[in-house]
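Remarks on the structure that follows.
The values are calculated or read from the model by the stated rules, or taken from the named source; none is laboratory data. These numbers come from a predicted model, not from an experiment. Cβ sites come from the backbone with ideal geometry, for glycine too, and all protein chains shown count toward neighbours. Heads up: the accessible areas ignore ligands, DNA and RNA and are worked out on the full protein's heavy atoms, side chains in. Shrake-Rupley method; radii C 1.70, N 1.55, O 1.52, S 1.80 Å.
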Amino acid sequence: MIAVELGMANQYIRDLSVNIRRGIREKVRRGIYFGKAPLGYYNEPRLRTIEPHPQFFNTVKNALEHFATGEVSLTAFQKELAAAGIIGERSKKPLPLSSIGALLRNPFYYGVFSHKGEIHQGVHVPMITKRTFDDIQMALVKVGKTRHKRAEDKGLLYLNFATCGSCGFRITGERHVKKSGRRFHYYRCTHKNKEQRCENRSFVCHEKFAEEVKRNAELVVIPDEWKEKFLAKIETWEAETSQEKQQKIDTFKSELTSLKAKIDRINNGFTEGSIDIAEFKELKNPLVVQKNDLEQQIVALEGSKLKRLEPLRNWILEANKAENAVVSNNWLEMKSFLQKVGSNRLLRAQTLTVSFKKPFDLLARTTVAVRSTNDVSLQSSEWWRRRELNPRPKSTNQPRLHAYPR
Ligand SMILES: [Zn+2]
């Protein structure tokens, strides 16, 4: 009797677990994430779906978008959440940084979720766009690198900022207090290179270093006058290209339709048993990502402004913001600007040389060309001459903002 009952119980458990797995699979198939809702959402108990949290959805959304700017540290993000009342349920303390990291990497927030290594398009309301999610991933890399705050606090602003032009080693900063009580900050090569004796034996005082930083920053700024001219030009292009934009939306929409049909065929193939789970994942995952990308691109295009010119506009605004940093002697901003736009910063014989990244290298050449002449019309043509900075596709014949410098 006992054996029979045990057997029945086992069978019951086996059926139950099969049913549960089937239930989960069905849920996943319909795009419903199962399990505990991520922060900013809650599990709706009756419908068994995941819904935006009435109190915290916008808080988390704002914090994520703030973090995506790349100007917020992990701890600042943590504090921002804690200030809004998002703390550990039991600990009553700010969320640990490990959970914060997981949160920032969770693709659920832009509308998909992963189950058993497979990416699914979710039915839940996305909190952020795919673009914002990508920006967050970039910002995460960036915050991992900024760890020199303490040196800045001590006033050694340019510690670890440059490398030695002679031996390639780090330029360090030192403080020195004179007998009179005056403080001096200066920078020098660490002379750590054992194989090659460093020729660079000189010290650079803080003021001279700052002057060099400013001289370099001045090469890659856009003055207010030219900011206005460029932005006005962009606006006229945006008006001209709205038709082009509509054509693109139509193309994306037809691509989307065929993509959806493909996904349906794969789903059917799997449920009918003509393809196995491995093939299913291999075929479907990239399509789901593509589909999501397409949908986001359509949304972005349908948005009020033409996003394609945004990089150019941002570049102009960034270079103009740097101009303001130079004018107002904002040393910290000039420094981080050069770190951002310069790939290599070499110090040699009291001179700082920065290798500028694209498109700032062209801006530097333009600045030099403009400075070399006093003729206003020549200067003006130099400013209009930076063709390849224009993100416009090659197929269009419309005028460009920039031309190659000579
Ligand atoms: Zn050196």
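Restrict the check to region 52-75 and report whether at least one residue is of a type in the set (S, T, N, Q), touching a strand residue (DSSP E or B) at 6+ places or on another chain (Cβ under 8 Å), surrounded by fewer than 19 Cβ atoms within 10 Å (Cβ to Cβ) and modelled with pLDDT of 90 or more. Scanning region 52-75, I find no residue that is of a type in the set (S, T, N, Q), touching a strand residue (DSSP E or B) at 6+ places or on another chain (Cβ under 8 Å), surrounded by fewer than 19 Cβ atoms within 10 Å (Cβ to Cβ) and modelled with pLDDT of 90 or more, so the answer is no.
Summed over region 152-195, the residues that are in a loop (DSSP other than H, G, I, E, B), open to solvent by less than 60 Å² (accessible area, probe 1.4 Å), among the hydrophobic types (A, V, I, L, M, F, W, C) and within 9 Å of the ligand (Cβ to nearest atom) give a count of 1. The single condition from (1) more than 24 Å from the chain's Cα centre (by Cα); (2) touching a residue at least 60 places away in the same chain (Cβ under 8 Å) that Lys92 fails is (2).
Out of all the residues in region 196-236, which are within 16 Å of the ligand (Cβ to nearest atom) and part of a helix (DSSP H, G or I)? Break it down stepwise before answering.
First, the residues of region 196-236 that are within 16 Å of the ligand (Cβ to nearest atom): 196-204, 209.
Phe209, the sole residue that qualifies.
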